[in-house]
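J.: Okay, here's the structure, questions in a sec.
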Amino acid sequence: METPRPTILILEDDNFISTFLKAKFDEQFDTIMAADTAAARQALDQRTVDLIILDIILPREDGYHFLQELKKSGSPHRRIPVIILSNIDDPADIKRGLKLGAMEFLIKANQVPEDIVRKVATYLTRPAPGA
């Protein structure tokens, strides 16, 4: 019996970036795409997600608020690892994302897709925090 592939939720509103990331992740993982936080919440309610790639600048609700809600006590999804992938590079914003519970804050312009895939694979082999 085959082991199920981990599922990655990519929360990114830029269609070019999300399609490019999906193509890279599909080689090793099942991927779910969400262009906004409402679609991401719906996906989380319908599927088991093993890791979330989160952009910060999103329509209607920013990634920080989504992350804060995801990680709050009582959330059934609070133990899902989150990697922020954003072009925001202000140290205060990076600190905020990590403080809210992201495992890592990656700057899009400084990353190649293969490195992002490797980082995701690393987090999927670690036990979840608080597990």
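J.: Between the DSSP loop rule and a limit of at most 12 other Cβ atoms within 10 Å, which GluC sites (Glu not before Pro) in segment 1-95 are left?
T.: GLU2, GLU27
J.: Right, next: Regarding segment 45-122, what whole-number volume in Å³ per residue does the convex hull of its Cα atoms give?
T.: 106
J.: Computed over the Cα atoms of segment 54-97, what is the ratio Rg over Rh, Rh following Kirkwood?
T.: Rounded to two decimals, Rg/Rh equals 0.97.
J.: Please compute P(r) over all alpha-carbon pairs of the chain, binned at 5 Å starting from zero, and give each bin as a whole-number percent.
T.: Binned Cα distances yield the sequence 2, 11, 23, 26, 23, 12, 3, 1, 0, 0.
J.: Turning to a different aspect of this structure: When only C-alpha pairs under 8 Å and at least 6 residues apart count, what is the relative contact order of the chain, in percent?
T.: RCO, the chain: 22 percent.
J.: Counting only trypsin sites (Lys or Arg not before Pro) that are in a DSSP loop and have at most 13 other C-beta atoms within 10 Å, tell me the longest site-free stretch of the chain.
T.: In short, 73-131.
J.: Using the Cα centre of the chain as origin and beta-carbon charges of +1 (Lys, Arg) and -1 (Asp, Glu), tell me which of VAL112, ILE88, THR122 is placed farthest towards the positive end of the dipole.
T.: Positive-most Cα among the choices belongs to THR122.
J.: Once you've got the GNM for the chain with C-alpha springs shorter than 10 Å, pick whichever of LEU67, LEU58, LEU11 has the biggest mean-square fluctuation.
T.: Sorting by GNM fluctuation, first place goes to LEU58.
Bear in mind that the values in this text are calculations on the coordinates, not laboratory data. This is a predicted model, so every value here is computed, not measured. With ideal geometry, Cβ positions are generated from the backbone for all residues, glycine too; neighbour counts draw on all protein chains shown.
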